[in-house]
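What follows is one structure encoded as structure tokens, with my remarks underneath.
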Amino acid sequence: MNAQRAAVIGSGPAGLMAAETLLARGMGVDIYDAMPSFGRKFLMAGKSGLNISHAEDPDVFLSRYRGDTRLQEMVRAFGAAEIVSWMEALGIAAHTGPTGRVFPEMMKASPLLRGWLVRLQDAGAVLHPKHRWQGWNADGALVFDAPEGSVTAAPDATVLALGGASWKRLGSDGAWAPLLEAKGAETVPFGPSNCGFLVDWSAHMREKFAGAPVKSICMSVDGQETRSEFVITQRGVESGGIYTLSAALVDGLRRHGAATLLVDLLPDMDVPAIVAKLERPRGKQSMANHLRKSLGISGVKLALLHEAARGVLPDHAVTLARLIKAVPIKVTVTAPLDEAISTTGGVAWDALDEALMLRQLPGVFCAGEMIDWDAPTGGYLITACMATGQAAGNGAADWLQTASSL
Ligand SMILES: Cc1cc2nc3c(=O)[nH]c(=O)nc-3n(C[C@H](O)[C@H](O)[C@H](O)COP(=O)(O)OP(=O)(O)OC[C@H]3O[C@@H](n4cnc5c(N)ncnc54)[C@H](O)[C@@H]3O)c2cc1C
């Protein structure tokens, strides 16, 4: 057994990458998780395709992140190219989609996670599922609630990779925040990110179109645009482009108490082209038929127009064309925190040194979504979790090496 051991608490991508880094640096590693099995959120992320990173110009890639510049340095050191090589070393080829999204070739997370856990155990990691970390005892040892009762561990260094505060049923419940605050570590309140938003839909919209995807559109908030689709829900809007614009919508809600999403239903046509089609004689056709035949607007798109026009579409072609190019959807509040794909807030960057060690707790490092940063979906979240996991693992290994050389 190695002379120096580190505890990694949390078995998401950040914790597992920290463990891998520590093992590669010759340290012994115990990995703890509260859940009966490891990496549950990672598995959930892979349910409809594990978008693990994003292949695009490195400067554009880095511009997606909100947080401290240290985060950008870490992602620069372990970004899309490194993740592709890392997957290949696990025997899993990468597939890059048309928009640059990087996935494991078989799309799911489970083969990747299985292979990763085997490799970690082969390298000496000891896995401790069903170990809920409860803080430290008076002697400074880690305390866990485990099947056999309360157990303690006194590692030479600790990496906390406890995740954010959404999808609690997968293990990331944010209950660690008061434990760190009690030790004087600054935290920022959690907030939803990459989340849905509530909209005060009419009963017709809720009943007929909840679950409907709105495709081939362009959306914008305060000048920030995306061409992805979104989904109408019973209570509002979610997925794809909504997540991309969620930071802008959250900013709007925070500043003005409401925010407006503008949906361009015909992003490849300008107003004069739409007007020309609208002004074609429509004979006895209803407006709905005219819109469907001349512009292909029907179903959920027509419903969105009606919703915005409160049921009475403008007669004037230019006014209607302008509405088609910018259908306003007023969002009133974010969907509940627990439903968010990721959360902002957590450990404040000021509480961490350059190596992601908590200034108030020497020998304790943090990684992943539990740190206060934000990024859109599209592979940026897992990339940053792995990058900070690697940085925290290296930080802990450096710290242990320095301690042993004194
Ligand atoms: C539905 C969904 C889809 C997603 N899709 C994508 C995607 O395609 N691409 C992408 O980049 N991101 C995606 N994400 C986000 C991504 O999964 C997370 O950002 C990422 O898993 C966070 O990694 P982490 O290691 O920081 O924390 P987590 O993966 O949340 O892991 C934290 C671990 O800590 C454990 N833990 C917490 N508290 C304790 C405690 N007290 N004691 C012991 N253990 C504890 C938890 O059980 C958990 O296993 C998705 C998220 C969701 C919910």
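The values are calculated or read from the model by the stated rules, or taken from the named source; none is laboratory data. As the structure is a computational prediction, the values presented were derived from the model and not from experiment. Note that each Cβ is placed from the backbone with ideal geometry, even for glycine, and that neighbours are counted across all protein chains shown.
Side notes on the structure shown:
- Taking the criterion of being part of a loop (DSSP other than H, G, I, E, B) and polar (S, T, N, Q), the residues of segment 274-314 that qualify are Q285, S286, S298.
- Residues that are crowded, with 16+ Cβ neighbours inside 10 Å, within 28 Å of T377 (Cβ to Cβ) and of a type in the set (A, V, I, L, M), drawn from segment 106-130: A109, L112, L113, L117, L120
- Selection within segment 130-158 - of a type in the set (A, V, I, L, M) and either closer than 19 Å to D350 by Cβ or within 8 Å of the ligand (Cβ to nearest atom) (or both): none
- If only residues of segment 1-11 that are surrounded by fewer than 21 Cβ atoms within 10 Å (Cβ to Cβ) and not polar (S, T, N, Q) are counted, the one that is nearest to the ligand (Cβ to nearest atom) is R5.
- Filter result for S11 (in contact with an Asp or Glu (Cβ under 8 Å, 6 or more places away or on another chain), at pLDDT 95 or above and assigned to a loop (DSSP other than H, G, I, E, B)): yes
- Residue list for segment 12-32, filter: aliphatic (A, V, I, L, M) and either near the ligand (Cβ under 6 Å from one of its atoms) or not assigned by TED's automatic domain parsing to the domain that holds D398 (or both): A14
- Checking V300, V347 one by one, the residue that is within 32 Å of the chain's Cα centre (by Cα), closer than 30 Å to D372 by Cβ and β-branched (V, I, T) is V347 and no other.
- Qualifying positions in segment 66-105 - surrounded by fewer than 16 Cβ atoms within 10 Å (Cβ to Cβ) and part of a helix (DSSP H, G or I): T69, E73, R76, A77, A81, S85, E88, A89
- Residue count, segment 33-65 (criterion: more than 8 Å from the ligand (Cβ to nearest atom), assigned to a helix (DSSP H, G or I) and closer than 14 Å to G378 by Cβ): 4
- Put simply, of E207, E229, E238 the only residue that is over 20 Å from the mean Cα position of the chain (by Cα) and of a type in the set (D, E) is E207.
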